[in-house]
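The values are calculated or read from the model by the stated rules, or taken from the named source; none is laboratory data. Model, not experiment: these values are computed from the prediction. All Cβ positions, even for glycine, are placed from backbone atoms using ideal geometry, and neighbour counts span all protein chains on display.
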Amino acid sequence: MDYLELHKQYKENSLFGRYITLNEIEPILNKLPLEVIGTSVLGKPIYKYIVGYGKTKIFIWSQMHGNESTTTKALFDFINFIQSDELEAVKILSDFTFCILPMVNPDGATLYIRENANKVDLNRDSENLSQPESLLLRKTFDDFKPNYCYNLHDQRTIFGAGNTGNVATVSFLAPSFNENREVNEIRSKAMNVIVAMNEELQKHIPNQVARFDDSFNINCIGDKFTSLNVPTILFEAGHFKDDYYREYTRKMIFIALISSLQNNYENDIVNVKNEFYLKIPQNNIVFYDFIYKNVKINYDNKEIITNFAAQYKEELIDGKIQFNAYIVEIGDLKGKFGHYQFNAHKMKYSNESESSPKINQKANFIIGNENIFINGIKK
């Protein structure tokens, strides 16, 4: 199957970039047979879409963190595909029934924040169920009684696949069901699906798939559903080189979703592939957006050679996401990698008023006489 060609054909072109709100998805949703299952804190509708008639039931939800929109884009690409007359799509709908909540946190999406309008992280609310969005998600789970759950998220640009120097473009997790992080039949089923997705993704992003930390937290929705004996898979859409709008990563999530369904769900526990899951490198915080090496700075009235790093903050300004770079660390930076790296070869740092970088300062500066950096990037 040519997954990249499929994505090109079924990509939902009306969705682009990082700022995806209910305003962007409602025109698409209005073309589908939907149910409004309730409303958010601020009264925005939360939609449910059920499609397929197969016996294996998969519950999928996206954007429970409002500023994590990549998987929402990929989910609509996936919906376009399964609605098509492609033979594989017809087979998928005969084998599976999907219950989809395409945007669990519409208020957070509008505000471009992780939390909901009450500043509660919905992915830490699975026990208390203190928020209307959390209650709706749990009720849908209870009513649908899924065989599997797909929990769709984004992760920051800071993550790498182990310590390899490769970015973690996609990360997965088969969540734990207890403090000891034991592996039972339920977790094994989730692991097997992840192994199948990883096998396909390695053809497209070799060595750029990682495994998320499996520390147990019953307040997290994946851990909670796994403890309720439903295999749950966490999807994390990460960074790809120069892909800050996450359009290439979106393709990888689309591929992961479809390839997950190629796995034989009926027999997926017969040939347990846990060891292949555990060989996927751990998600590791090893990246900055920018690293500047061997820079001469003034430190305590002495000139020293050091390194410093800058990181983008995604800031919602006038209805648009702006990537603004700020200096975040100065020092050795051992074991750290930069998506963009510049070697100053002992040239001197300066800005309008100082001869050394400062934490939380905008990344606007000069190195040497001619290397001008604006918002982290050399001009």
**Complete:** Residue hits (region 114-127; assigned to a loop (DSSP other than H, G, I, E, B) and within 12 Å of MET64 (Cβ to Cβ)) are ARG114, GLU115, ASN116, VAL120, ASP121, ASP125, SER126
**Fill in**
Checked region 348-363 for anything surrounded by fewer than 18 Cβ atoms within 10 Å (Cβ to Cβ) and either of a type in the set (A, V, I, L, M, F, W, C) or in a loop (DSSP other than H, G, I, E, B) (or both); matches are ASN351, GLU352, SER353, GLU354, SER355, LYS358, ILE359, ASN360, GLN361
**Asked** So which of ASP85, ASP95, ASP121 ends up being over 16 Å from the mean Cα position of the chain (by Cα), more than 20 Å from LEU29 (Cβ to Cβ) and touching a residue at least 40 places away in the same chain (Cβ under 8 Å)?
**Response** ASP95
**Asked** Only one residue in SER171, SER84, SER130 is within 25 Å of SER215 (Cα to Cα), assigned to a loop (DSSP other than H, G, I, E, B) and out of contact with any Ser or Thr (no Cβ under 7 Å at 6 or more places or on another chain). Which one?
**Response** SER130
**Asked** For region 232-330, list the strands (runs of 3 or more DSSP E) that sit wholly inside it and hold at least 3 residues that are modelled with pLDDT of 95 or more and out of contact with any Gly (no Cβ under 7 Å at 6 or more places or on another chain); which are they?
**Response** 232-237, 287-299, 302-317
**Item:** Within region 197-231, considering residues that are among the small types (Gly, Ala, Ser) and not in a strand (DSSP E or B), the one farthest from VAL167 (Cα to Cα)
**Value:** SER227
**Prompt:** Which residues, counting only those in region 152-203, are in contact with a His (Cβ under 7 Å, 6 or more places away or on another chain) and farther than 16 Å from PHE337 by Cβ?
**Reply:** HIS153
**Prompt:** Can LYS336 be described as of a type in the set (Lys, Arg) and touching a strand residue (DSSP E or B) at 6+ places or on another chain (Cβ under 7 Å)?
**Reply:** yes
**Request:** Scan region 98-109 for residues that are part of a helix (DSSP H, G or I) and within 18 Å of the chain's Cα centre (by Cα) and jot them down.
**Result:** PRO106, GLY108, ALA109
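In the list LYS313, LYS296, LYS302, which residue meets the criterion of being more than 24 Å from LEU173 (Cβ to Cβ), free of Cβ contacts under 8 Å to residues at least 60 places away in the same chain and buried (at least 19 other Cβ atoms within 10 Å of the Cβ)?
Working: LYS313 fails: buried (at least 19 other Cβ atoms within 10 Å of the Cβ); LYS302 fails: buried (at least 19 other Cβ atoms within 10 Å of the Cβ).
Only one candidate qualifies: LYS296.
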**Prompt:** Among the numbered criteria (1) out of contact with any helix residue (DSSP H, G or I) (no Cβ under 6 Å at 6 or more places or on another chain); (2) crowded, with 16+ Cβ neighbours inside 10 Å, which single criterion is violated by ASN371?
**Reply:** (2)
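Quick one: which of SER126, SER62 is surrounded by fewer than 24 Cβ atoms within 10 Å (Cβ to Cβ) and among the small types (Gly, Ala, Ser)?
Details: SER62 fails: surrounded by fewer than 24 Cβ atoms within 10 Å (Cβ to Cβ).
Within the list SER126, SER62, the selection yields SER126.
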**Message:** If I filter region 13-32 down to residues being under 26 Å from ILE233 (Cβ atoms) and without any contact (Cβ under 8 Å) to a residue 60 or more places away in the chain, which single residue comes out as surrounded by the most Cβ atoms within 10 Å (Cβ to Cβ)?
**Reply:** GLU24
